[in-house]
Amino acid sequence: MTDYKDCHDYKDCADYYDHKHGHYTYDMIEAEMMSMFDPLCMEIMPHVRMVCDRYDDPWRYPCPTREMLERWADEVMSCWSPSWYSAEVETQQFGRRRPFRSLIFALLIFELLRRRRRIFR
């Protein structure tokens with residue numbers, strides 16, 4: 001990570017990129033940032049996208065209800081079932097807080113926001 005304390009202006013720093021004059025498109029930026037996802041997220045994302053493709057309709061439901069997201073998260077959990085994962089063990093270890101379910105919920109929200117970004121801007 002670059003230390004910016006010696007830079008009086010961002011343009012003085014070696015890793016500064018002037019986005020106004022660059023050739024980045026939104027798709028390029030999104031692809032670059034998506035490549036930084038953890039491998040576990042990359043394993044789950046195809047299932048999240050599949051569920052969103054099946055059920056999401058941004059024109060009918062600009063903001064899906066929590067109940068809808070709960071059902072979608074359940075479906076992702078049933079589609080993505082690695083041999084090492086057990087919901088019972090996760091519940092025993094973490095109680096009501098289930099980190100994998102929370103991760104899937106966050107990925108669902110991320111995907112829904114990504115899909116709405118171009119529609120509602």
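Of note:
- Legend: ranking of residues 107, 69 from fewest to most surrounding C-beta atoms inside 10 Å; resulting order 69, 107.
- Additional length obtainable on full extension of the chain from residue 26 to residue 59, 0.36 nm per residue less Cα span: 9.7 nm
Bear in mind that the values in this text are calculations on the coordinates, not laboratory data. Here the structure is a predicted model, which is why all the values come from computation and not from measurement. Reconstructed Cβ throughout: ideal geometry from the backbone, glycine too, with neighbour counts over all protein chains shown.
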